[in-house]
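Data block below; observations after.
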Amino acid sequence: MDEKYHPDGIEAKWQRYWEDNKLFRAVEDATREKYYLLEMYPYPSGAIHMGHMRNYSIGDVAARYKMMRGYKVLHPMGWDAFGMPAENAAIESGVHPAKWTYENIETMRCQLKRMGFSYDWEREIATCDPEYYKWEQLFFLKMFERGLAYKKRSLVNWCPGCQTVLANEQVEGGLCWRCESEVTQKELDQWFLKITHYAEELLEYCDELPGWPERVLQMQRNWIGRSEGAEIRFPLENSEEAITVFTTRQDTVFGATFMTLAPEHPLTLEFSKGGPQEREVREFVETVKRQSMAGRTAEDTEKEGVFTGAYCRNPMTGARMPIYSANFVLMEYGTGAVMAVPAHDQRDFEFAKRYDLPIIVVIQPPENPLSADTMTEAYVEEGTLVNSGQFNGMNSVAAREAIVQYLEEKGLGQRSVNYRLRDWGISRQRYWGAPIPIIHCHRCGIQPVREEDLPVVLPRDVEFTGKGGSPLAECREFVETHCPKCGGDARRETDTMDTFVESSWYFDRFTSPQYDEGPLDKEKVDYWMPVDQYIGGIEHAILHLLYSRFFARVLRELGLVKDKEPFTRLLTQGMVIKDGAKMSKSRGNVVDPDYLVSKYGADTARMFCLFASPPEKDLDWSDQGVEGSFRFLNRVWRLVYENHGWIKEAKPYSGRSPSDRDLRILRQKVHKTIKKVGEDIERFHFNTAISAIMELVNALYQFEPEKREDSRGRSLFKEAVEAIVLLLSPFVPHIAEELWESLGKGESIVKTPWPDYDREAVVEEEVLIVIQVDGKVRDKVTVPSSMGEEEIKGVALEREKVRKLTHGKAVQRVIHVPKKLINIVCS
Ligand SMILES: [Zn+2]
Ligand SMILES: [Zn+2]
C-alpha cells in the first residue's frame, strides 16, 4: 500500500477490474429481488457536463448499495441519439449527423467510464440505431391500426430559422428556444398520437404514485387540466344551427353579451362570406395566423378582433349577441368558440371596452356591489347571482349546478368535462429522426408500411443545406417507392418522429436490448419492469414522464408490458449552480468534469456532488468543497495506511458490548453510523450519510492507540475501519476497493454484503445526572451515556430551575463528575 493517495492509478485499475470481471452485468434471477435503477439517458451533445455527473453519481450510490444488499440490479446507460443539434452540426460544418453522433457517444462513454459508474455496458443502446427505432415504427403502425395515430391539418409553431415545427414548450416568449428567431404559425399536415384517449386515466393514476414528488404530480395534473363545466348551445340567428361553447362558469351565462370564435374556427370565414365584412375578416385571420400561440394568449397582448357579420342568441335571455373572431381564442381549447361575459372575464372585458360591447353584471361580490358603468376590470370571483332570472340570489356554486340541470332539461346543453391536454404532435420536418412508416399513394391514400418491411431506414446519403424543408424530402431514393396496396408509384412520408417518442420506451428496451424477435422479451421485461427508481431533472417533469406513462398504457394493451406505470419512484435532482446561476456555456461559468477528474480523481468529484447538498436541492459549486472532499479521502487513506498492517492480523470483533466505557461508546458509534448510512441512502439523504461517516473517521483518529493494545480494542478498531470502507464504497468506489484490498480482503467490495448493525449496540445507555448550582442539588436529568461534558453543561444550563438561579450571573466554572454529577459554579 502506498503511503500517499494517488487516485489516477487506483481508479484505472478498478475500472478495468470491474469490466474484466463483468461485475455490473445484470442477470435475471427469479429467486432474488430485483432493483431497476435508471438515470435519464443523455443526449450525445459532445461532452458530459456537471449536471450529468451529479445525476449519475446519485444513481450510482443507490445501484451499488442495492447490489451490496443482495438485489439483482439493472443499471443501464444509453443515448438519446436523435435530435436537432446533430443536424445543425451537419449544416454548419458538413459532418454527417450519424458521424457526429457516434463520435460524441464514443467520447462521452469514455468520460462516463472514467467516473466508475456501475453500468451494465452490454445493454447500451443508441436510439438512432435502426435496430432500436424499427420497434417504435412498429408501435406507430399498431397505433395507426387502432386510431391512436392519425394525421390532421393543424396550425403549428414554425421556426423560420430552424425551418421546423416547434412544440409549445420550445417557444420561449415567442422566440425559438434554440435559435431565438421569432416564431410564426404555419398550417401543416401533422401526425398525432392520441394521448387524450388516456387523459382521465393518466390523471387518476397521479394518485397512485406515492413514490413521486408531489410537485411533479401537481405539474402533471395541471398539464392534463381537467375541468368540469357545461356545453351550451347558442342558436344562430336565421338558422337551425347553433354554436356550442364549453364553459366552467355557466353561472355567468346570463351575462354573455357577445360570442368570440377562434380565427381558425371554420365558421369565422363562413359567416363573413359574401358579406361586407368578408375582406376585413380574411385579413384578420391571415394576420393572426402569422402570430405564435404563446404571443396570442399572453396576458399583455392587445385583445383584437373583427365582427363576422353574424349573430346568435343567448339561450337563457334570448338577447341578440354579435359574433366576433378574436385573437386570444384558440381552436385547440374547448370548441374554439367562447361565450363572452365581459363583466366576469378579464379578456372579454378588455375586448368589450375596445369594441364598445355591452357589459352586464350577473355576479355580485359579497361586499361593494358592482356597476357595469364604473367597473375598471372584470370581477372573476364567485358571488351571488343577479340579472339572472329565476337563479337570482343563488351563490355561484349552487347556480352552476342549477343552471346545468336547467340546460339539460330544456335541451340547451349538458354537463361536460374538458381537458387541457392536447394530442401529441410527433411530426418533425427534420432528417435526424426515426422515419414515420407511412406511404402516400395517390390512388389508395395513406397506407401503412407493411410490418415485414420494417425498419424504414433513414438514408445516409442526403444533403444538408439548412434551407427549405427536410433533407429527406429531397432524397429521391427514399421518397420514391411503391404502394403496399396497389403496387403503383407512391411517396414515402418524409416527416420523422419527435425524439420524445424514443425516450417514451427506452427503459423497456434496456431489459432486452439485443432481442430481435420483437420489441421486448416478455420474460425479461416482466422481471425488470417497472423501474424502481428513476432519476432526472425537473425540466422533464411533464412531457417526457407523461409520454412515458402514455406509452406504458399503449404497450400494455399490445400485450408487451404488464404495468400501467413505468416508474415506481422518481427523484428530480436540482441544478448545478456557480456564481449564483445555473452552469451554462453562455454564462461562462461551466466547470468541466474532466478537469475535476484529472486533478482530483473521480472519487473526489463524486464525493463533492453527493456531499455538498441533498440530491433534490440545487448544488452550489465551490472550490473549497472539492478541496474538502479530496482532503477527507486523504484522511481516510492515512487512517487505513497507518493501521492496515496490524488490522489484517487482528481478530474480528465478536461477543457482547465491551465493559470499557470508551470502547462501548465507540462501538455504539460504529453501529449507529452503519444504521444511519443505510437509512439515509434509502431516503437519498446522501449528504447526511457522508457526514456521519466523517464523524466516525474523526472518532477513530481520537481513539487512543494504547487502548488498541488490548485485543478487544484492536478488534473493535478493525470493525470500525472495515465499516468505514464498506459504507463509503457506494459513494467513492475506487478508493474503497483499494483500501478493502489493503485490509486483506480477497473479494471485490461490490460482492461484499452491506454490513448489518448490531441492534444491541445502538441502544443508547442512559445515565441520571445530578445538577448542582453552587454546590447545592437543584435538579436531575437523564442523558445518553455517550454525552460529553460540553453537551451536558448545555442541557443543564437550559433547565428551567437552573436558568432561574443563574440568571444574570456569569458561570465561573463547571465541575463534571462523569455519569454522576455536574456542578455549575457562579459565585
Ligand atoms: Zn429556431
Ligand atoms: Zn395504391
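The values are calculated or read from the model by the stated rules, or taken from the named source; none is laboratory data. Computed from a prediction, not measured in an experiment: that's the story for all the values here. Virtual Cβ from ideal backbone geometry, glycine too; neighbours counted across all protein chains shown. Ligands, DNA and RNA are excluded from the accessible area calculation, which covers all protein heavy atoms including side chains. Shrake-Rupley method; radii C 1.70, N 1.55, O 1.52, S 1.80 Å.
Here are the numbers:
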{"quantity": "Failed condition for Phe731, given (1) among the aromatic types (Phe, Trp, Tyr); (2) touching an Asp or Glu at 6+ places or on another chain (Cβ under 9 Å); (3) surrounded by fewer than 22 Cβ atoms within 10 Å (Cβ to Cβ)", "calculated": "(3)"}
{"quantity": "Those strands (runs of 3 or more DSSP E) lying entirely in segment 491-583 with at least 3 residues of a type in the set (A, V, I, L, M, F, W, C) and at pLDDT 95 or above", "calculated": "567-573"}
{"quantity": "Test: residue in segment 731-739 that is in a helix (DSSP H, G or I) and at pLDDT below 90", "calculated": "no"}
{"quantity": "Residues that are hydroxyl-bearing (Ser, Thr, Tyr), outside any strand (DSSP E or B) and touching a strand residue (DSSP E or B) at 6+ places or on another chain (Cβ under 9 Å), drawn from segment 780-824", "calculated": "Ser785, Thr806"}
{"quantity": "Residues satisfying the stated conditions in segment 1-21, i.e. within 21 Å of Arg109 (Cβ to Cβ) and open to solvent by 100 Å² or more (accessible area, probe 1.4 Å)", "calculated": "Asp8, Arg16, Glu19, Asp20"}
{"quantity": "Criterion: within 16 Å of ligand 2 (Cβ to nearest atom), β-branched (Val, Ile, Thr) and under 25 Å from Leu454 (Cα atoms) - qualifying residue of Thr496, Thr481", "calculated": "Thr481"}
{"quantity": "Members of segment 421-468 found to be within 16 Å of ligand 2 (Cβ to nearest atom), in a loop (DSSP other than H, G, I, E, B) and open to solvent by 30 Å² or more (accessible area, probe 1.4 Å), listed by number", "calculated": "His442, Arg443, Cys444, Arg450"}
{"quantity": "Failed criterion for Lys599 (all others in (1) assigned to a helix (DSSP H, G or I); (2) free of Cβ contacts under 8 Å to residues at least 40 places away in the same chain; (3) open to solvent by less than 60 Å² (accessible area, probe 1.4 Å) hold)", "calculated": "(3)"}
{"quantity": "Breaking point among (1) open to solvent by less than 10 Å² (accessible area, probe 1.4 Å); (2) farther than 25 Å from Ser427 by Cα; (3) touching a residue at least 60 places away in the same chain (Cβ under 8 Å), for Leu202", "calculated": "(2)"}
{"quantity": "Leading residue by the ranking (most open to solvent (accessible area, probe 1.4 Å)) among those in segment 384-411 that are in contact with a helix residue (DSSP H, G or I) (Cβ under 8 Å, 6 or more places away or on another chain) and in a loop (DSSP other than H, G, I, E, B)", "calculated": "Asn387"}
{"quantity": "Matching residues, segment 272-298, being in a loop (DSSP other than H, G, I, E, B) and either among the hydroxyl-bearing types (Ser, Thr, Tyr) or within 22 Å of Gln346 (Cα to Cα) (or both)", "calculated": "Gln291, Ser292, Ala298"}
{"quantity": "Test: residue in segment 108-124 that is part of a helix (DSSP H, G or I) and either within 16 Å of ligand 2 (Cβ to nearest atom) or under 15 Å from Pro435 (Cα atoms) (or both)", "calculated": "no"}
{"quantity": "Filter result (aliphatic (A, V, I, L, M), under 30 Å from Arg69 (Cβ atoms) and open to solvent by less than 50 Å² (accessible area, probe 1.4 Å)) within segment 754-800", "calculated": "Ala761, Val762"}
{"quantity": "Residue list for segment 129-169, filter: among the basic types (Lys, Arg) and either loosely packed, with under 15 Cβ neighbours inside 10 Å or within 20 Å of Glu502 (Cβ to Cβ) (or both)", "calculated": "Lys134, Lys142, Arg146, Lys152, Arg153"}
{"quantity": "Sole residue being assigned to a loop (DSSP other than H, G, I, E, B) and in contact (Cβ under 8 Å) with a residue 24 or more places away in the chain, chosen from Glu381, Glu377, Glu367", "calculated": "Glu377"}
{"quantity": "Scope segment 469-491; condition open to solvent by 40 Å² or more (accessible area, probe 1.4 Å) and either closer than 22 Å to Glu145 by Cβ or within 16 Å of ligand 1 (Cβ to nearest atom) (or both); matching residues", "calculated": "Gly469, His482, Lys485, Cys486, Gly487, Arg491"}
{"quantity": "Matching entry among Glu172, Glu122 (being open to solvent by 10 Å² or more (accessible area, probe 1.4 Å) and more than 16 Å from ligand 1 (Cβ to nearest atom))", "calculated": "Glu122"}
{"quantity": "Any hit, segment 299-318, residues being under 19 Å from Pro263 (Cβ atoms), open to solvent by less than 60 Å² (accessible area, probe 1.4 Å), modelled with pLDDT under 95 and part of a loop (DSSP other than H, G, I, E, B)", "calculated": "yes"}
{"quantity": "Set Gly425, Gly433: member being within 30 Å of Leu545 (Cα to Cα), at pLDDT below 95 and out of contact with any Lys or Arg (no Cβ under 6 Å at 6 or more places or on another chain)", "calculated": "Gly425"}
{"quantity": "Residue in segment 21-38 that is among the hydroxyl-bearing types (Ser, Thr, Tyr) and under 30 Å from Asn643 (Cα atoms) present", "calculated": "no"}
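Let's see how each residue does on (1) open to solvent by less than 20 Å² (accessible area, probe 1.4 Å); (2) among the β-branched types (Val, Ile, Thr); (3) not in a loop (DSSP other than H, G, I, E, B):
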{"site": "Ile323", "(1), (2), (3)": "yes, yes, yes"}
{"site": "Phe328", "(1), (2), (3)": "yes, no, no"}
{"site": "Met339", "(1), (2), (3)": "yes, no, yes"}
{"site": "Phe349", "(1), (2), (3)": "yes, no, yes"}
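Every residue, every condition in (1) out of contact with any Ser or Thr (no Cβ under 7 Å at 6 or more places or on another chain); (2) touching a residue at least 24 places away in the same chain (Cβ under 8 Å); (3) exposed (fewer than 15 other Cβ atoms within 10 Å of the Cβ), yes or no:
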site	(1), (2), (3)
Phe234	yes, yes, no
Asn238	yes, no, yes
Ala242	yes, yes, no
Val253	yes, yes, no
Thr257	yes, yes, no
Pro266	yes, no, yes
Lys273	yes, no, yes
Phe284	no, yes, no
